[in-house]
Amino acid sequence: MQNISKILLILISILFLYGTSYASDDVNQETPKILKPGFSFEGPFGVFDRSELRRGYQVYSEVCSSCHSIDQLSFRNLIQKGGPEFSEEETKRIASQYTISDRFDDYGELIERKRLLSDRFPSPFPNKKAAMSANNGSYPPDLSLIVKARVGGHNYIYSLLSGYEETIPEGLEVSGILSYNPWYPGSAGIAMMQPLYDDLIEYSDGTPATINQMAYDVSVFLSWVSEPELEVRKKMGFVVIGFLIIFVILMYLSTRRLWKEVH
Amino acid sequence: MNNDYEYVPKNSFTRWLDTRLPILRFTNEHILQFPTPKNLNYFWTFGFILTFFLITQIITGVILAMHYAPNSLLAFDSIEHIMRDVNYGWLIRYAHSNGSSMFFLAVYIHMFRGLYYGSYKEPREVLWILGCIIYFLMIVTAFMGYVLPWGQMSYWAATVIINLVGTLPIIGDSLTQLLLGGFAVDNPTLNRFFSLHYLIPFIIFGLVFLHIWALHVPGNNNPTGVSIQGKQDTVAFHPYYTVKDFFAYIVFLLLFCYFIFYNPNALGHPDNYIEADPMLTPAHIVPEWYLLPFYAILRAVPDKLFGVLLMFGSIVVLFFLPWLDTMKVRSARYRPFYKMFFFIFVLDCLLLGYLGAQVPEGIYLLLSRVSTFYYFAFFILIMPALSRLEKPNPMPIGISNPAIDQNARLD
C-alpha cells in the first residue's frame, strides 16, 4: 500500500488539472457566471422528476418545437423508464397527431400515414435551407443533444432561456434582428428571440407558467432528451461500484495475507 | 534467468500435448512460475492494468463496429443509434471512449515509472523501444478513433493534424492526399480512418506480446535497479503478482467506473456532440486531454514546419533514451540529481498538457516555450550530462541484501 495512495493522488490531480483546463478555455470572460438553480437529476443518486419532465415536454411541444427539432427522439422513448413515462395510449395519441410519408403504394405514389410509437419526432422544417430561410438565415439547432453539446449543460440552457434582457449594456453592438442575452457566448447577440414569456402556455397540472418555471422544466426535459439513459446508468453504476468496493476489499486482504510471508 | 523451476506434465494427456504443442509448459514458465523480483511496488502493476485495458478496448470496439456506420452522412446518427437504441449501447460506447482516457492515463504512469527507475537501460533497450512503438501506435489509433463520431471536434482536429502533415517537405502533399483520400476531410477520410482504427489495435496486441517477450528475457527491473542475484530475490508471478496486480486493477477499475457511470462526458469536449460542419470552425480546436502536451509543443513555435518537427521529435527522442542516459545505476532512488530533474520533468509534462488547452498568447505562449525547451533539454542535455557528472548514492548489494555495495561507488 505504500504508494497506492501516491498513485491515486497523482490520478486525481491530473484529472483535476485537465478537468479545469477545458472549462477555463471555453467560458467567455465577459459572460456572467452560469446560474445553478439546482436540479433533481444532479449528483450520483439524482433522478428526473416526472412532473418536471412532463411539463418540460409541454413547453417543448407548444413553444420550442415550432422551430427546433429533436431528431434523435422516437415517440416510444416517452414511455420508457427513466423518462416522462407517459402511458402507451397517451403516447400513441401524441404520435398520431403527426404524419409521415415514407412508403409507396402499388402505383408508386407516396402514402401519407399517421406516425407510430416507433417513428421519430417530426422536424418543423423540411430541410436546413428551409429552416434558415424562415429564421433570418440562422439555423435553429436540433435539440436532441443540446445539453451535452454546450459548456455548462443544463445550467447553461436554463440561464440562456431565463436570461434575456431588454436593455443592452452600453458599448455592446447588437444588430437589429438579433437579441441580447448575456449568457450567449460572445454576447454579440443571439438569433433566437426571447422564446418564453409569463403565462405563454397553460400547464396541464396547473403550475403557474412563469418564465423561470418554463425555462427550468424545459431544461429538465432537454437533459433527458440528451441523456435518456441517465437513470439506468446511475442505478447500474451504484451496483457496479458497490460490487467493486466489496471486491477490492477482498482483493486487498488477499494481497496482504499472501505477501505477509514474503516480506 | 534462473531455471530452478521446471514444468512436469502430470497426466498422460498433458505429456502427450507437451511433445506436440508445449503451450502448458509456456504458460507455466511465463505466467505461473515466472520469477519476479519480490520488491516491486504498485507502480509495477500498470503493465497488467494496460493489458486488461487493451482487451477492454478491443472487445467494446468490436461491438461498437457492429452498430457503427463509417459514412460521413450516417456516422453521427449511428453513434446516437448506439447510445439510444442498442441494448446497453451507451455503456459500451462510454466504456470505449473513457477507456481510451484510462488507457493513456495508465500508459503515462507506466512510462514515467520506466523513466524513474531506469527500466530502459541495458539490458532492456529493446523492451523500451517496443513500448515506444506501442505508445506511438496508441496515439495514432486514438486520434483516428476521435474522428469516428464525426462531431465538430472530430472533423476539425482531423483537419488541423492532417494539414500539419502537409507542411513536411517533399512527401507532405502526397502524404496529405493519401491520408485524406481527397482534398479535404470527407467521407474517404472517415472510411480509411475507420479501417485503420480497427486494424492498429491488433498490431498493438501483437507488439504487446513482443513487449512481454522482451521483458521475460532479462526479467523485471525493480525499485532498487539492482539485478536479480538468485532465488532469494524473487517470487513466482502466480499467485503473488497475479493477486497484487489484480487488486491494483480493481482500484483502477473503480476510477474507470466512476467516469462511465457518473461523469461519462467529463473528459470529452461538448463540441463533439455537434455534427461535423465543414462551413463552421469551432472557437478553439483542441485534441483529447492525453494529446494536449504535444499540441502545446506544436504551437510553442511560430514556424509551422518546425512545430511539426518538434511535435514528432518529442516522441522520437524517447526511442534514444537508452543511449542518452548512460549512467549504469538504474534507479533514481540512488541518483539525487536525476530524481530532482525527473520530478521537474513530470511537472513540465503536466504544465504542457495544461497549456495545450489554452490559447497560445501572452504568458501561455511564453510558458509553452519554456516548458517545451525543458522537455527536450531533459533528454538531450540533462540526461547525458548527469550520466557523466552525477555521483550516485550508496546502493544495496542485492534486492534481499541491504548491505551497501562498496564497489558500486567506484564506477
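The values are calculated or read from the model by the stated rules, or taken from the named source; none is laboratory data. Here the structure is a predicted model, which means the values were calculated and not measured. All Cβ positions, even for glycine, are placed from backbone atoms using ideal geometry, and neighbour counts span all protein chains on display. Surface accessibility is based on the protein's heavy atoms, side chains included, excluding ligands, DNA and RNA. Shrake-Rupley method; radii C 1.70, N 1.55, O 1.52, S 1.80 Å.
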Review point. More than 25 Å apart: what percent of Cα pairs in segment A:136-263 qualify?
Key: 50 percent
Review point. With the other protein chains left in place, how much accessible area per residue, in square angstrom, belongs to chain A at a 1.4 angstrom probe?
Key: 55 Å²
Exercise for review: For an R0 of 22 angstrom, estimate the FRET efficiency from the Cβ-Cβ distance between A:Asn135 and A:Ala188 and round to the nearest 0.05.
Suggested key: 0.80
Review point. Once fully extended, how much extra length lies between B:Ala65 and B:Leu210, figured as 0.36 nm per residue of separation less the alpha-carbon to alpha-carbon distance?
Key: 49.5 nm
Review point. Cα gyration tensor of chain A, axes a ≥ b ≥ c as square roots of the eigenvalues: rounded (a/c below 1.5), prolate (a/b > b/c) or oblate?
Key: oblate
Practice item. Post the alpha-carbon centroid distance, segment B:195-237 to segment A:62-103, in whole angstrom. Key: 55 Å
**Study point:** Under 15 Å, Cβ to Cβ, from A:Gln72 - net charge with Lys/Arg +1 and Asp/Glu -1
**Key:** -4
Check your understanding: What is the diffusion coefficient of chain B in µm²/s, taking the Kirkwood radius over Cα pairs and the Stokes-Einstein relation at 10 °C with a viscosity of 1.306 mPa s?
Key -> 68 µm²/s
Practice item. Report, to the nearest 10°, how far helix B:152-165 tilts away from the longest principal axis of the Cα atoms in chain B, using its own Cα long axis and a range of 0 to 90°. Key: 70 degrees
Exercise for review: Between A:Lys128 and A:Ser204, take the C-beta separation as r, use R0 = 45 Å, and let me know the FRET efficiency to the nearest 0.05.
Suggested key: 0.85
Point to revise | Rounded to 10°, Cα long-axis angle of helix B:187-216 versus longest principal axis of chain B | key: 0 degrees
Check your understanding: Accessible area drop of at least 40 Å² (1.4 Å probe, protein heavy atoms): which residues of segment B:13-55 qualify, relative to the chain alone?
Key -> B:Lys38, B:Tyr42, B:Phe43
Check your understanding: Where Lys and Arg each count +1 and Asp and Glu each count -1, what net charge lies around B:Val217 among other residues with Cβ under 12 Å from its Cβ?
Key -> 0
Review point. Within chain A, which complete DSSP H helices have Cα atoms spanning at least 24 Å along the helix axis and a mean Kyte-Doolittle hydropathy of -1.0 or higher?
Key: A:4-26, A:230-260
Review point. In the neighborhood of A:Val262, defined by Cβ-to-Cβ distances under 13 Å, what is the net charge if each Lys or Arg adds +1 and each Asp or Glu adds -1?
Key: +4
Revision key, fill the gap. Of all C-alpha pairs within segment B:147-274, those more than 19 angstrom apart amount in percent to 72 percent
Study note, to complete from the structure: Rounded to 0.05, the calculated FRET efficiency for the beta carbons of B:Ala377 and B:Ala283 at R₀ = 45 Å is 0.85
Practice item. Return the long-range amide H neighbours of B:Gly398 (sequence gap of 5 or more, or a different chain), with a cut-off of under 5 Å between placed amide H atoms. Key: B:Ala403
Review point. Once the Cα gyration tensor of segment B:262-306 is found, what semi-axes does its equivalent ellipsoid get, as square roots of 5 times the eigenvalues, in whole Å, sorted largest first?
Key: 24, 17, 6
Point to revise | Folded to 0 to 90 degrees: helix B:336-356 orientation relative to chain B principal axis, Cα | key: 20 degrees
Practice item. With a point put 7 Å past each Cα toward its Cβ, work out how far A:Ser254 is from B:Met340 in nm, to one decimal. Key: 4.5 nm
Revision key, fill the gap. Given unit charges at Cβ for Lys, Arg (+) and Asp, Glu (-), the dipole magnitude of segment B:286-392 about its Cα centre in debye, nearest 20, is 520 debye
Practice item. Choose one answer from B:Pro35, B:Pro123, B:Pro302: the residue with the largest mean-square fluctuation in a GNM of chain B with alpha-carbon springs under 10 Å. Key: B:Pro302
Review point. Which one of B:Ser400, B:Ser101, B:Ser12 has the biggest mean-square fluctuation once chain B is modelled by GNM with Cα springs under 10 Å?
Key: B:Ser12
Review point. Of B:Tyr135, B:Tyr68, B:Tyr42, which is the most mobile in a GNM of chain B whose springs link Cα atoms less than 10 angstrom apart?
Key: B:Tyr42
Practice item. Please compute P(r) over all alpha-carbon pairs of segment B:286-392, binned at 5 Å starting from zero, and give each bin as a whole-number percent. Key: 2, 13, 21, 22, 16, 12, 8, 4, 1
Check your understanding: Which is the longest run of chain A containing none of the GluC sites (Glu not before Pro) found in DSSP loop states (not H, G, I, E, B) with at most 16 other C-beta atoms within 10 Å?
Key -> A:203-260
**Study point:** Virtual spin-label span in nm between B:Ala385 and A:Val240, 7 Å along Cα→Cβ
**Key:** 4.8 nm
Exercise for review: Divide, for the protein assembly as shown, the radius of gyration over alpha carbons by 2.2 N^0.38 Å, where N is the residue count.
Suggested key: 1.11
Practice item. Pop a pseudo-label 7 angstrom from the Cα along the beta-carbon direction at both A:Val47 and A:Lys114 and give the gap in nm to one decimal. Key: 3.2 nm
